[in-house]
Structures are given as structure tokens and as C-alpha cells.
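No lab work stands behind these numbers, since they all come straight from the coordinates. What you are looking at is a predicted structure, and each value in this text was computed from that prediction instead of being measured. Don't worry about glycine lacking a Cβ; one is built from the backbone with ideal geometry, like all the others, and counts go over all protein chains shown.
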Amino acid sequence: MKDIAVSSDVTLQQVTEFLWKEADLLDARDYDAWLALWAEGGHYVIPIEKDGDDFANMLNIAYDDGTMREMRVRRFQQGFSISSAPPADSVRTLSRFVIDAVEGDTVTVRAAQHVIEDKFGRQRMFAANVSWVLKITDEGLMIRDKVVRLLNSDGMLTSISYLF
């Protein structure tokens with residue numbers, strides 16, 4: 001596959017590898033390393049509605065700023081989250097990477113994601129369209145925003161004991 005430049009310094013391959021790294025950290029439940037991928041000021045969102053982007057005024061499964069992301073991770077790590085005791089094993093597959101925009105020091109990218117969860121001897125699959133706004137820094141890429149649009153977000157969802 002030909003490497004497509006998205007700016008003078010970042011390529012589609014680098015963006016893809018960064019997002020694969022994020023998925024790998026989440027599957028390994030290395031939440032501290034995952035938190036370190038985030039730039040200040042961003043949000044992690046799992047909206048219920050299929051359309052729209054005014055997340056502050058929409059119903060969401062998750063709408064986490066930096067403080068809420070850290071609190072969610074601490075609950076996972078300390079066993080204070082009923083949905084994460086015991087923690088689920090997961091495998092994420094990302095595909096169909098598309099760069100929608102490059103503006104200044106940000107790259108907007110989207111991809112398809114499948115998450116397989118294994119918990120209590122049963123496996124469940126979730127599919128989502130995910131978008132990220134990545135910030136280009138001197139240290140490399142960082143996540144500013146991440147929006148996970150589950151295909152069944154407006155249907156019946158069982159507890160989700162991990163981060164998408």
C-alpha cells in the first residue's frame with residue numbers, strides 16, 4: 001500500500017500505527033499508558049444518537065473530559081466498577097482508515113472497529129464507527145477527541161466493562 005502523506009510530517013501509515021497502538025493498549029488494559037496518549041482539552045464520547053455532534057447537549061453513554069477519563073480508569077484499576085469485576089478480555093480490530101481533514105496541527109481520521117469481549121465464558125461483539133481528532137506534537141501524535149458511534153447504541157446494551 002502506498003503511504004499517503006497527510007502533512008509534511010505525518011503519514012497515513014503513522015496515523016494507522018498510532019491507532020493500532022491505542023487499541024493494543026486498551027486490549028492489554030494498560031490504562032495509564034492509554035491516558036498518556038491524550039492531549040489536554042479533549043473528550044472521549046460514546047453517543048446514543050446516531051447523528052449530531054453537540055455532545056454536551058446530547059444523551060451519551062460516555063462523555064469524558066480528562067478528569068472523567070482518569071476517574072473511569074481508576075475505578076477499573078481499583079475494582080470500584082461493578083462492570084469491571086472481573087475485567088473482560090477484549091480484542092479490537094480496526095480497519096477502513098480514512099483521513100477526513102488535516103488542519104494545522106490536527107488530523108481528523110475515522111475507522112471501523114470491531115470489539116470482541118470475553119467475560120464469564122461468553123463472547124459478545126460490538127461494531128462501531130470511530131472518529132479521532134489527533135494532535136500533531138513534537139513528541140508524536142496524541143488524541144484530542146475520540147467519538148465511538150456504536151451501531152446498536154440506541155438498542156439494548158449490556159454493561160460495557162472496558163473502554164472503546
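The long axis of helix 66-78 is offset from the longest Cα principal axis of the chain by roughly 40 degrees.
Lysine pairs in the stretch 12-150 with alpha-carbon atoms under 22 Å apart, 8 or more places apart or on different chains: how many are there? For the stretch 12-150, the number of qualifying lysine pairs is 4.
Let me know the longest stretch in the chain that avoids all trypsin sites (Lys or Arg not before Pro) found in a DSSP loop with at most 16 other C-beta atoms within 10 Å. Mind dumping the intermediate values first?
Working: sites that count: LYS2, LYS50.
Longest run free of exposed loop sites: 51-164.
Which chymotrypsin sites (Phe, Trp or Tyr not before Pro) in the stretch 23-92 sit in a loop by DSSP (not H, G, I, E or B) and have at most 13 other Cβ atoms within 10 Å of their own Cβ?
On the way: sites: TYR31, TRP34, TRP38, TYR44, PHE55, TYR63, PHE76, PHE80; in loops: PHE80.
Of the chymotrypsin sites (Phe, Trp or Tyr not before Pro), the ones in loops of the stretch 23-92 whose Cβ has at most 13 other Cβ atoms within 10 Å are PHE80.
Can you give the longest run of the chain that contains no GluC sites (Glu not before Pro) sitting in a DSSP loop with at most 12 other Cβ atoms inside 10 Å? Here the longest run is 41-138. Taking Rg and Dmax of the Cα atoms in Å as calculated from this structure, the corresponding entry among [x] 14.9, 42; [y] 17.3, 58; [z] 15.7, 48 is [z].
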